[in-house]
Amino acid sequence: MSETESHPALALEGELNIYGAAENKLRILEFLSRAKEAPALDLSGVTEVDTAGLQLLILAQREAESMGTSLRLLDPSASVLDVLQLCNLTTRFDVSGALECNP
Amino acid sequence: MNLDNAQQTFIEESRELLAAMEDALLTLETTPSDADAINAVFRAMHTIKGAAGLFGLDHIVGFTHVAESLMDRVRDGEIAVDDTLIALLLGCRDHISSMMDAVDAGEESTSEDMLTTGMGLVASLEVYLGHPSEDGDATESPSAPSGSHTPAPTTDATGVENVTWHVSVRFDQELLRNGFDPLSFVRYLGTLGDLVHVEVIADAMPSGEEMDAEACYLGFEMRLAGDLTKGDIEDAFEFVQSDCTLRILPPNSQLGAYLDLIQDLPEDTVRLGEILVACGTLTERELEEGLRIQAGGAGASEEMSDDQPIQPLGEILVEREVVQQELVDAALDKQRRTRDAKTREARVIRVDAAKLDELINLVGELVIAGSAAETLARRSRNRTLVEANTTIGGLVESIRDSALRLRMVEIGETFNRFRRVVRDVSQELGKDIDLVITGAETELDKSVVEKIGDPLMHLVRNAMDHGLESTERRIKAGKPAKGTLRLNAYHESGSIVIEIADDGGGLDRARILAKAQERGLVQPGQSLNDHEIDNLIFEPGFSTAEQVTNLSGRGVGMDVVRRNIDALRGIISLDSNPGQGTRVTIRLPLTLAIIDGFLVGVGEGAYIIPLDCVVECMKCDPAETRCQDYINLRGQVLPFLRLRDLFGIEGSPPRRQNIVVIQYAGQRVGLVVDHLLGEFQTVIKPLGRLLDHLRGLFGGSTILGGGEVAMILDVQELIRIAVQRDAGAHAETAASNQTDLV
Amino acid sequence: MTVKDSHQLQSASADTDDEGTNQYLTFSVAEQMFGIGILAIKEIIQYGAVSSVPMMPDFIRGVINLRGAVVPVVDLSARFHRRQAEAGRRSCIVIVEMCEEGSIQDVGILVDSVSAVLEITPDEIEPPPAFGAGIKSDFIRGMGKVDGRFVILLDISRVLGTEGLIELVAPVVAAASNKTVSSG
């Protein structure tokens, strides 16, 4: 993934749910505060997303926008895509690499 | 979401619903048009269907759906209730119940038998669904389209043109922490119908640091298409109904309804309008019109005069569609009623029985510790300390009573179970039997309720089987053809009394006596009064083998019933009037945990007598008691037991002993004890397996204020011993008198 | 839970080489040394405040209040030799947890004195002698050899097994209540 080399990306892995929500929130905010431009979240390793996880993605995007940049979701896994599609949010996020990686 | 817990709740609630359904069906048997009962049956099917869907129990969803559709038609008056239908629905209830059992037992697949039963029932249901009753054409006019049928889009100016449901939901912030995931509800809605559009509302979420990652901020605006009812949608959120704000608009709702929605929601009006448009629920034009009306703007509504204040949105709807005022009222009224029902439901808290037991145990310890403190205070002779302790003691007593009351349940639920039993068994026996239940609101300890079911079942079946005569015999005896079985309950001096009475033929005393003699339970020549003969049927070894039928004769006799009642520290007795009927009376303690006791000393030990049973205490006059085992108590003979002798306590008794007069179920006996030690709140501790074989004399043990253990006397058994002894003595004196005569 | 389970395992087969099961609490009763696997033992308390219970056989010393629970106390000396133990300065009650038919019951055993916890490996244990130990061989799980002395390792479920005890208790109770009835 060439994007990950040229731009900062934070990889979230495993379950993106209520159990790790507080910790993930800190990681995301900390990452966004460091990332100067075009920050991205690498979601290829996410196995599960619940409401708490979805909230974090929305929060991340909002924070990025408030900093004058936009957030990209890299390579979202099937479970991420499933939630985004269910909630009609695929177009709200800048999603890359989804088609190639999800047969 | 913790699925295991939720599923357990689902199963429990379903069982309650099924019980309610059975009740309602039995009510319908007598009053086939009872609207509440019809609704209850519908609600049971409907709620179970919805909840089963949440857990992916498709077979239950499928089956209940058919039954629900049928009940929907019954509700609309399209299908009339008759006995065949009731029998069919009872069958459905039983089938769902077995499916629930299978789910509860963790069975993954459905058994062959169950599949066949299910298919048979569905086929019968389909017959009803395919053939509406004769007066069906009267209701076929499209006057009142039911919620489940999507009417064609209207062209009414104020009607909004869409055929989808609009579902708006906001959640309590604590929802995630409570283990629920709102997304799963959205997903579930997607299985009920077609989720045309979902809009995530994240407006409530604070930014950055302030956002609590474990709080739920999201809301959803959804458009849902499909053949479903409002109830279906509500049910999807049933488990979080108290933690969410749910608004559902049916297809083609009045514009005002959407405006109401906009007004109700926490978000900004313009933003919401945009959301509804984004959802496709409203068109731009509709939104504009709505907002214009809301603003009281000119043009759209000429009938409104300019000087009128801005109208609440609800009124706009009514004003513009005066004709539908009644409908709106009705709808509002219905909504309010369902809301009332829900708040009532919410006032009942489900508590794990184990937690309650834990609390009661702790209260028990508190009572013991309180007694200890009070004893110490009294010993210190410090008045203020004694007073303080007395206050605490009073409070502890109140806490004890409240804690015990938590476990109290009404006996009605247990009684109601018998309605079905009586119905089925009377059909099986070909007897016409009416069950009359009274005192259903009488409360008793849950642990007692759980153990009383089986003995009651046995007694009820026995009454139907042996007590009540066949219809022909009843008519011949000049009695009403329909037999009556009564279940009654009431409180009496710290006990609950349960009566099972029938108006049948009564017991055949001659046959009972003959059998008892044959079994050696009664010695030849021993004379018994009627009551004693009647109660012989509770004696172990008195088998009613001759009368064994497939109902009550399933291997257990009445002695088992008595043993069950004994185990509950209860007493059972029977009264019978030849030709008029039989009444079995069960007397049970209200609770098994704590009693008020009377403490007495015998030898070195201390013993507790349940205070309920203590009638009076008196000094023991050695002159009167030295050579006989009874005293003259105000002209009455009072037999007594010397506890020192009974317990085999050695040494000489103190000079002045006391007699405690105890009474149970009408019989009085005196107990000679060394000392009277006063009242004592007694927490009953089980004796444990090893000492359990002392049962009979001791009902349990308790711990005194000083930490010593005291045994609780079993009054019933002591009275039995005294009576038996006297009977023996009488027989002896009778025998010796005879020899004297000879 | 695990404690009980492993105890059951232990009594099921004496050969079990589970960790910890080789430890035995030793004590003396009527000048004989006995041992019980420590996993069955809940606690040891000083002898005292035993409330007597009427109509119990001699070997049921009475009941004690163990922090709110009523626990029966068995007199081992009376159980083995029909001679009631004299309560002395070193007398103790060993609380043993019994698990029978799914229900758990604590039983106290009165001993003259508690000695030590000893490690006795299976190869130091000999099968119970047919006679000569002075107590019923049923009660013995094995003879542990410690420093040239024999320690009688008790099969506690046999000694305290309520089935056995009940057989002894029930007739006593019945006799007592009948006696009063007939004497009256």
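The values are calculated or read from the model by the stated rules, or taken from the named source; none is laboratory data. Remember, it's a predicted structure, so these values are computed and weren't measured experimentally. Heads up, the Cβs are rebuilt from the backbone with ideal geometry, glycines too, and the neighbour counts pull from every protein chain shown. Remember, those area values only see protein heavy atoms, side chains included, never the ligands or the DNA or RNA. Shrake-Rupley method; radii C 1.70, N 1.55, O 1.52, S 1.80 Å.
Tabulated data for the structure shown
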{"read-out": "Accessible surface buried upon C-B contact (total; probe 1.4 Å; Å², nearest 100)", "value": "2400 Å²"}
{"read-out": "Cβ crowding within 10 Å averaged over residues, with B:382-395, C:31-44 ranked highest first", "value": "C:31-44, B:382-395"}
{"read-out": "Quotient of C-alpha Rg and 2.2 N^0.38 Å, computed over segment B:3-135", "value": "1.02"}
{"read-out": "Carbon/sulfur fraction of accessible area - segment B:3-135, other protein chains in place, 1.4 Å, %", "value": "52 percent"}
{"read-out": "Nearest-10 value in Å² for the accessible area of B:SER573, using the 1.4 Å probe", "value": "40 Å²"}
{"read-out": "For segment B:365-392, residues shielded by at least 10 square angstrom of accessible area compared with the chain on its own, probe 1.4 Å", "value": "B:GLU365"}
{"read-out": "Peptide B:175-184, shielding by other chains (average Cβ, 10 Å cutoff)", "value": "4"}
{"read-out": "Sequence of B:GLU16, B:GLU624, B:GLU650 when ordered by accessible area, the most exposed leading, probe 1.4 angstrom", "value": "B:GLU650, B:GLU16, B:GLU624"}
{"read-out": "Principal axis dimensions, segment B:409-589 - Cα atoms, whole angstrom, descending", "value": "47, 38, 28"}
{"read-out": "Interface area, A with B, accessible, probe 1.4 Å, both sides summed, Å² nearest 100", "value": "2000 Å²"}
{"read-out": "Accessible surface of segment B:353-407 [probe 1.4 Å, protein heavy atoms]: carbon and sulfur percent", "value": "59 percent"}
{"read-out": "Segment B:353-407 - Rg and Dmax from Cα coordinates, angstrom", "value": "12.9, 42"}
{"read-out": "Share of Cα-Cα pairs in segment B:594-735 lying beyond 20 Å, as whole percent", "value": "47 percent"}
{"read-out": "With all protein chains modelled, accessible area of B:MET205 [1.4 Å, Å²]", "value": "10 Å²"}
{"read-out": "Accessible surface, segment B:409-589, averaged per residue in Å² (probe 1.4 Å)", "value": "47 Å²"}
{"read-out": "Paramagnetic label zone (point 7 Å from Cα along Cα-to-C-beta, B:ASN529; backbone N under 17 Å) in segment B:621-643", "value": "B:636-639"}
{"read-out": "Too-long pairs where the Cα-Cα distance tops 20 Å, listed order kept, from B:LYS619/B:LYS685; B:LYS431/B:LYS476; C:LYS42/C:LYS145; B:LYS431/B:LYS479; B:LYS355/B:LYS685", "value": "B:LYS619/B:LYS685; C:LYS42/C:LYS145"}
{"read-out": "Accessible surface, per residue, of segment A:2-101 when the full set of protein chains is kept, probe 1.4 Å, Å²", "value": "45 Å²"}
{"read-out": "Taking N as its residue count, the alpha carbon Rg of segment B:618-663 over 2.2 N^0.38 Å", "value": "1.16"}
{"read-out": "Using a Förster distance of 22 Å, the FRET efficiency for B:GLU107-B:ALA6 (Cβ separation, nearest 0.05)", "value": "0.75"}
{"read-out": "Measure of compaction for chain A (Cα Rg per 2.2 N^0.38 Å)", "value": "0.96"}
